[in-house]
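Accompanying notes for the structure given below.
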């Protein structure tokens, strides 16, 4: 098998995350972008495809045209999966159509506009048996994987407390009214969904908390706010968490924390020790103990476990960051496709990729946080959808 062939919907001129997805997909040389419908505007899509040096006949005016045309190509030429990098309201219709045409899907988060769509998407995946990946890129960092492995091995003992936060400051002013395209759709309920801040970055924090701790959120108590006058969706929120083993947690997400960039971080405390990881120093993981000095683990070191090592590309002391973590999601998803087409079971690295269950839990978290914040009831149970 040659390189895995990828198509893309969205991510054209003026987009932010599309370029990140393309760089991440290309990093290991295992995936090739072969086609795209890069914008709802046909001219913009054509210009975007030309700038990416794609053949004219592989650049499409819309995703429906792309899916039909690619499905009609010989199996050895057509795309094998589609990356969806559009605003949220388009995630489900594109993913559903792609699955109906026989293509695997990797989507930006959150998975859909609402929970109902996420559940319908899961049913479509069960019907088709195709693969689905979700771009919770922060779970791709090597030392995040090491943190998960240490917790899973019981080194911290029974987990008691999880503290996760994601502060940003870029929406401290009302950019959506000043022509900022990225702010406009993220704060439009018709395109973003029920939440602004929680749907955009809070869901990343919730995903990271569950990934590292190995626990599931079982209940929430939420307080969401729109600080900027005239804003239709929340731009800040604090959530108390309960986990399925009895642990407690705190989740803080904000897009009006002036001066903050993308400062996602996590601390986990158990009966025997604790750990801390921060994205702004991603190559360091701190382990904390009651009876001996704090340990500093570094990315690329020989003492790290096999999953962290398998997701590390550079020698110790050479920083790896956001693009490499994002690329680990693509690397894992490509591994799933290769295993599927070769009739083999995917390896541990390929399995370690967020999928449809994380998508459903993410949409459940977003809608539950919004409902809890609007309610006088203190605690709201996290529902399970089988």
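Have a look at 174, 191, 186, 124 and point out the one that is outside the structural domain of residue 268 (by TED's automatic domain parsing) and at pLDDT 95 or above.
Details: 174 fails: outside the structural domain of residue 268 (by TED's automatic domain parsing); 191 fails: outside the structural domain of residue 268 (by TED's automatic domain parsing); 186 fails: outside the structural domain of residue 268 (by TED's automatic domain parsing).
Exactly one of 174, 191, 186, 124 is outside the structural domain of residue 268 (by TED's automatic domain parsing) and at pLDDT 95 or above, namely 124.
When you check residue 212 against the structure, is it under 23 Å from residue 145 (Cβ atoms), in contact (Cβ under 8 Å) with a residue 60 or more places away in the chain and either buried (at least 22 other Cβ atoms within 10 Å of the Cβ) or not assigned by TED's automatic domain parsing to the domain that holds residue 154 (or both), yes or no? In short, yes.
Filtering the stretch 230-255 to residues that are more than 21 Å from the chain's Cα centre (by Cα) and part of a loop (DSSP other than H, G, I, E, B) leaves 230, 231, 232, 244, 245, 246, 247.
Here residue 300 meets the list (1) modelled with pLDDT of 95 or more; (2) farther than 30 Å from residue 92 by Cα; (3) crowded, with 19+ Cβ neighbours inside 10 Å; (4) under 23 Å from the mean Cα position of the chain (by Cα) almost entirely, failing just condition (4).
Is it the case that residue 184 is without any contact (Cβ under 8 Å) to a residue 12 or more places away in the chain and crowded, with 16+ Cβ neighbours inside 10 Å?
Working: without any contact (Cβ under 8 Å) to a residue 12 or more places away in the chain: yes; crowded, with 16+ Cβ neighbours inside 10 Å: yes.
Judged against the criteria, residue 184 is a match.
For the stretch 157-166, the condition of being within 13 Å of residue 255 (Cβ to Cβ) and modelled with pLDDT of 95 or more holds for at least one residue.
Just one residue in the set 5, 64, 78 is touching a residue at least 60 places away in the same chain (Cβ under 8 Å), within 24 Å of residue 109 (Cβ to Cβ), surrounded by fewer than 24 Cβ atoms within 10 Å (Cβ to Cβ) and in contact with a strand residue (DSSP E or B) (Cβ under 9 Å, 6 or more places away or on another chain); that residue is 5. Hey, any hits in the stretch 112-131 for a residue that's free of Cβ contacts under 8 Å to residues at least 60 places away in the same chain, under 23 Å from residue 340 (Cβ atoms), under 18 Å from the mean Cα position of the chain (by Cα) and buried (at least 22 other Cβ atoms within 10 Å of the Cβ)? Within the stretch 112-131, not a single residue is free of Cβ contacts under 8 Å to residues at least 60 places away in the same chain, under 23 Å from residue 340 (Cβ atoms), under 18 Å from the mean Cα position of the chain (by Cα) and buried (at least 22 other Cβ atoms within 10 Å of the Cβ).
From the set of residues in the stretch 157-180 that are in contact with a helix residue (DSSP H, G or I) (Cβ under 7 Å, 6 or more places away or on another chain) and touching a residue at least 40 places away in the same chain (Cβ under 8 Å), which is surrounded by the most Cβ atoms within 10 Å (Cβ to Cβ)?
From the stretch 157-180, those in contact with a helix residue (DSSP H, G or I) (Cβ under 7 Å, 6 or more places away or on another chain) are 159, 162, 164-166, 168, 171, 175-176; that's our starting set.
This time we only want the ones that are touching a residue at least 40 places away in the same chain (Cβ under 8 Å), so: 159, 162, 164-166, 168, 171, 176.
On the way: 159: 23, 162: 25, 164: 26, 165: 22, 166: 28, 168: 23, 171: 25, 176: 22.
Here the answer is 166.
Please indicate, with yes or no, whether at least one residue in the stretch 243-258 is surrounded by fewer than 23 Cβ atoms within 10 Å (Cβ to Cβ) and closer than 30 Å to residue 82 by Cβ. No.
The values are calculated or read from the model by the stated rules, or taken from the named source; none is laboratory data. Every value quoted in this text rests on a predicted model; they were computed, and no experiment measured them. Using ideal geometry, Cβ is built from the backbone for each residue, glycine included, and neighbour counts are taken over all protein chains shown.
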